[in-house]
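The values are calculated or read from the model by the stated rules, or taken from the named source; none is laboratory data. What you are looking at is a predicted structure, and each value in this text was computed from that prediction instead of being measured. For neighbour counting, all protein chains shown are included, and Cβ atoms are generated from backbone atoms with ideal geometry for every residue, glycine included.
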C-alpha cells in the first residue's frame, strides 16, 4: 500500500465539527438549522419575487437574483452535512464527497467575490452615468458578464481542487472542522503543501484585491457624484441605492480575508471555524434580509405580490 493513498480512498475523512466542545453541539445544530431555514426561505423569496415582479426586471435585480442563487447553493453545499456532524458529534465523509465540497465551495465563493465587484460597477453606472445605463448594462451584456463570473469561479476552483487532490493524507483522517475547507485539508496533509499555500494566498489575494479595487473605485466616483448633487434631499435617495450593497460587501469580505489571505498556521482551529460560519451560513442568511428590509423597491414588490396573489385567495376562503 502506498503511504496514505489507499487508506484515504477507502475510508474518507471524519468531520469533527465542534467536538472539542461537545456540550455545544446541540446548540450549534439548532442555530445552524434555524439559520439554514431562514437562508432558504429568504433567498428563494428574493429569486421568486424578482422574477414575478416586472418592475424589478432591471440589471441591479438581475445580479441580485444571481447573488441569491449563489448564496443558496453555497450554504446547501455545506450546511446539510454540517448538521449531521453537529447532531452526531462527528460524521464520516467520503473522499469524493470531501473534494466535491472543496470544489463547489471554492467555486461559489469566487463567483460571489466577482459578482459583488460587478454589482459595484452597476451602481457606479446607475449613479454616475445614468444616460448610458441602459446601453452599458443591456440584457446581453449582463448575461455575458455572468457567464464570465461563473467560468472564472469554477475554473479557478478546479485548479485548487486538482492540486489538493494530488496530496497524501497518510493516516490522519480527522478534519478539525465542520466541512472540507481547503485550509483544513492542507493542515491534514503529510505532503509538502507550500505550492498549494502559495496558490491559495495568491489566488485569494488577486480575487479579493481585484474585486475590492473595483468596489473602491466605483464608490469613490459614486460619492463624488452624490456630493455634486445640488439638492440636499436627493443625496440620501441617491446613496440609498448603494447602502444594501455596501452592507453585503462588508459582511462578505471581512471573514473572507481572515480565512484565505493569511497563512494557514496564523489562524487557530476555533477561529477558522468561526470565520467559516460567517460566509457559509451567516452571510447568505443576512443578504436577503439586507436587500429586502433596506430596499423600498423590494418592499413595494412584496406589497404588490400580497395584493395581487394572496389577498384574492384569502377572500375566497
Could you check how many residues of segment 44-77 are more than 26 Å from residue 99 (Cα to Cα) and in a helix (DSSP H, G or I)? 19
So, in segment 12-65, how many residues would count as being closer than 30 Å to residue 188 by Cβ, surrounded by 14 or more Cβ atoms within 10 Å (Cβ to Cβ) and in contact (Cβ under 8 Å) with a residue 24 or more places away in the chain? 16
Which listed residue, of 144, 117, 97, is in contact (Cβ under 8 Å) with a residue 60 or more places away in the chain, out of contact with any helix residue (DSSP H, G or I) (no Cβ under 6 Å at 6 or more places or on another chain) and either farther than 17 Å from residue 280 by Cβ or exposed (fewer than 15 other Cβ atoms within 10 Å of the Cβ) (or both): 97
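Quick grid of which residues meet (1) surrounded by 13 or more Cβ atoms within 10 Å (Cβ to Cβ); (2) touching a strand residue (DSSP E or B) at 6+ places or on another chain (Cβ under 6 Å); (3) at pLDDT below 80; (4) part of a helix (DSSP H, G or I):
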{"position": "244", "(1), (2), (3), (4)": "yes, no, yes, yes"}
{"position": "251", "(1), (2), (3), (4)": "yes, no, no, yes"}
{"position": "271", "(1), (2), (3), (4)": "no, no, yes, yes"}
{"position": "277", "(1), (2), (3), (4)": "yes, no, no, yes"}
{"position": "283", "(1), (2), (3), (4)": "yes, no, no, yes"}
{"position": "289", "(1), (2), (3), (4)": "yes, no, no, yes"}
{"position": "309", "(1), (2), (3), (4)": "no, no, yes, yes"}
Counted residues in segment 164-185 being outside any loop (DSSP other than H, G, I, E, B) and either surrounded by 19 or more Cβ atoms within 10 Å (Cβ to Cβ) or without any contact (Cβ under 8 Å) to a residue 40 or more places away in the chain (or both) come to 6
Restrict the check to segment 86-93 and report whether at least one residue is out of contact with any helix residue (DSSP H, G or I) (no Cβ under 9 Å at 6 or more places or on another chain), crowded, with 17+ Cβ neighbours inside 10 Å and in contact (Cβ under 8 Å) with a residue 24 or more places away in the chain. yes
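Listed here are the residues, each with its yes/no results for (1) modelled with pLDDT of 90 or more; (2) over 23 Å from residue 243 (Cβ atoms).
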position	(1), (2)
9	no, yes
16	no, yes
44	yes, yes
64	yes, no
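This table checks each residue for (1) in contact with a strand residue (DSSP E or B) (Cβ under 8 Å, 6 or more places away or on another chain); (2) at pLDDT 60 or above; (3) under 22 Å from residue 153 (Cβ atoms); (4) part of a helix (DSSP H, G or I).
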| position | (1), (2), (3), (4) |
| --- | --- |
| 219 | no, yes, no, yes |
| 230 | no, yes, no, no |
| 238 | no, yes, no, yes |
| 247 | no, yes, no, yes |
| 254 | no, yes, yes, yes |
| 262 | no, no, yes, no |
Apart from one, (1) surrounded by fewer than 16 Cβ atoms within 10 Å (Cβ to Cβ); (2) outside any helix (DSSP H, G or I) all hold for residue 158; the odd one out is (2)
Of the residues that make up segment 195-203, is at least one over 20 Å from residue 110 (Cβ atoms) and free of Cβ contacts under 8 Å to residues at least 40 places away in the same chain? no
